[in-house]
Amino acid sequence: MSSDSGGSGDRTCTVVRSDQLEVEVNSGAMTRLAGVSESLTGSSGLHLAIATVPPGRCSTTHYHTNCESAIYVASGAGIFLSGSKLDQEDQISAGDFIYVPPNATHQPVNTSPTENLVLVVARNTPVELVVELPGLGREDCL
C-alpha cells in the first residue's frame, strides 16, 4: 500500500495493490476480496470488494442488516434472485448495476458453464452484518 500526504489537509490517500487484497468470508461458492475496508485503509463509511462466482455456482441466500449495497457486473452473466421468497429473477450481464437495500434477501447465480461471474460490490459501511438463509433459494449451485 502507498500513501500520499500532499494536498491541503493532513489526510492521506491509500493505494491497495492487487496482491494486497483482503480475503473475506465466502458465501456459498462466491469468494470476495476487499480492496477498501476498515482494516486495509481505515475506511469508516464504505467498503469496496470484488466478488467471483465460479461457473454454474452461486452464493448462499442472504441479506445484510446494516448496509445498502451497489453491485456492478464486471464480467460474466447470470441471474440475480431477490425478494423475501426469491420470487424476483433478473437476468444480469456485464455492464449492469444492481442496488440492494438493507435487509433485502438476494442470491447471485452464475448460469454460465465456462465463465466466472465477477461483481464489484460497494457498501456504505466498513463491516457488513450478514444473515444467511439456508433452505431458501437455489441450493443446487452452492
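Tally up the residues in the range 12-58 that are within 17 Å of Gly76 (Cα to Cα) and either of a type in the set (D, E, K, R) or more than 11 Å from the chain's Cα centre (by Cα) (or both), please. Matching residues across the range 12-58 total 7.
For the range 66-79, check the following and say yes or no: at least one residue is touching a residue at least 60 places away in the same chain (Cβ under 8 Å) and either within 17 Å of Asn26 (Cα to Cα) or not basic (Lys, Arg) (or both). Before you say what the answer is, go through the steps one by one.
Start the filter on the range 66-79 by keeping residues that are touching a residue at least 60 places away in the same chain (Cβ under 8 Å), which leaves 66-67.
This time we only want the ones that are either within 17 Å of Asn26 (Cα to Cα) or not basic (Lys, Arg) (or both), so: 66-67.
Yes, there is a match, as at least one residue in the range 66-79 is touching a residue at least 60 places away in the same chain (Cβ under 8 Å) and either within 17 Å of Asn26 (Cα to Cα) or not basic (Lys, Arg) (or both).
Picking from residues in the range 66-86 that are in a loop (DSSP other than H, G, I, E, B) and of a type outside the set (Asp, Glu), the one that is farthest from Leu136 (Cα to Cα) is Gly76. Within the range 87-110, being part of a strand (DSSP E or B), within 21 Å of Glu68 (Cβ to Cβ) and of a type in the set (S, T, N, Q) holds for Gln88, Gln107.
Residue by residue, here is whether (1) in contact with a helix residue (DSSP H, G or I) (Cβ under 7 Å, 6 or more places away or on another chain); (2) surrounded by fewer than 13 Cβ atoms within 10 Å (Cβ to Cβ); (3) modelled with pLDDT of 95 or more; (4) not hydrophobic (A, V, I, L, M, F, W, C) holds:
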| position | (1), (2), (3), (4) |
| --- | --- |
| Ser8 | no, yes, no, yes |
| Ser37 | no, no, no, yes |
| Leu46 | no, no, no, no |
| Pro55 | no, no, yes, yes |
| Tyr72 | no, no, yes, yes |
| Leu86 | no, no, no, no |
| Asp96 | no, no, yes, yes |
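Might you let me know whether the range 21-29 holds any residue that is buried (at least 19 other Cβ atoms within 10 Å of the Cβ), within 17 Å of Cys141 (Cα to Cα) and touching a residue at least 60 places away in the same chain (Cβ under 8 Å)? Yes, that holds for at least one residue. Comparison of Ala77, Ala122 shows that the only residue that is surrounded by fewer than 20 Cβ atoms within 10 Å (Cβ to Cβ) and farther than 17 Å from Glu22 by Cα is Ala77. Within the range 85-111, residues that are among the aromatic types (Phe, Trp, Tyr) have Cβ atoms under 9 Å from residues that are surrounded by 12 or more Cβ atoms within 10 Å (Cβ to Cβ) in these pairs: Phe97/Ala70; Phe97/Ile71; Phe97/Tyr72; Phe97/Val73; Tyr99/Glu68; Tyr99/Ser69; Tyr99/Ala70; Tyr99/Ile71, counting only partners at least 6 apart in sequence or on another chain.
The residues listed here are Val131, Val120; of these, the one that is under 30 Å from Thr12 (Cα atoms) and either without any contact (Cβ under 8 Å) to a residue 12 or more places away in the chain or not in a loop (DSSP other than H, G, I, E, B) (or both) is Val120.
The values are calculated or read from the model by the stated rules, or taken from the named source; none is laboratory data. What you see is a predicted model; the values in this text were computed from it and never measured. Neighbour counts run over all protein chains shown; Cβ positions are idealised from the backbone, glycine included.
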